[in-house]
1. Provide Tyr97, Tyr78 in ascending order of the number of other Cβ atoms located within 10 Å of each residue's Cβ, fewest first.
2. Below 12 angstrom from the Cβ of Leu73, what's the summed charge of the other residues (Lys, Arg +1; Asp, Glu -1)?
3. Please report the net charge: other residues with Cβ closer than 15 Å to the Cβ of Ala101, K and R +1, D and E -1.
4. Sorting Phe32, Phe70, Phe54 on the 10 Å Cβ count, fewest up front, what's the list?
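Throughout, read-outs are computed from the coordinates displayed, never taken from laboratory work. Computed from a prediction, not measured in an experiment: that's the story for all the values here. Cβ: placed from backbone, ideal geometry, glycine included. Neighbour counts: every protein chain shown.
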Amino acid sequence: MTIHALPLREPEADAAKEEPLSPAPGRWQLAFLAEVAEALATSDTSTSRSPLDFVLADLRTLLRKDPRKFALLLFAGYLHVGDALSRGHGGSGESKYAQAARELVRLTNGTLPEGALAPLLAPPSADTSAIPPAGQPGWLRRFFSFLSC
């Protein structure tokens, strides 16, 4: 058996460099939580601190119970933020983040909690947030009903 050295390929200039994966599962998650906790600890303490502590405790519990679900939920959260920023900057139609959410649902096959990606999975034209619930008049009708009194 003969082993031949292969010539090294030059990396493409526009290729993104990937960081090596952590050898121990869960290390990056712990580092993430520590970094967030530290950033929050250096910020001004106020009454809004308590909800942040609750969320950090919730994330720690989730990490202990299911590190894979923890990572998926962080990714799902990033998809929500990316989609919101995309729409906020004039993106129209279905964003790449919404498309990624559809793919994530397909790949995880029920691992994520039901409804976690629901806003991203709704068709872009189906934004019904401004429509009042059935039986309740909209703000415009309520406004004009006051004028007619």
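1. Tyr78, Tyr97
2. Working: positive: Lys65, Arg68, Lys69; negative: Asp58, Asp66.
So the environment of Leu73 carries a net charge of +1.
3. Working: positive: Arg87, Lys96, Arg102, Arg106; negative: Asp83, Glu94, Glu103, Glu114.
Overall, the nearby charge balance is 0.
4. On the way: Phe32 15, Phe70 20, Phe54 10.
Ascending number of Cβ neighbours within 10 Å: Phe54, Phe32, Phe70.
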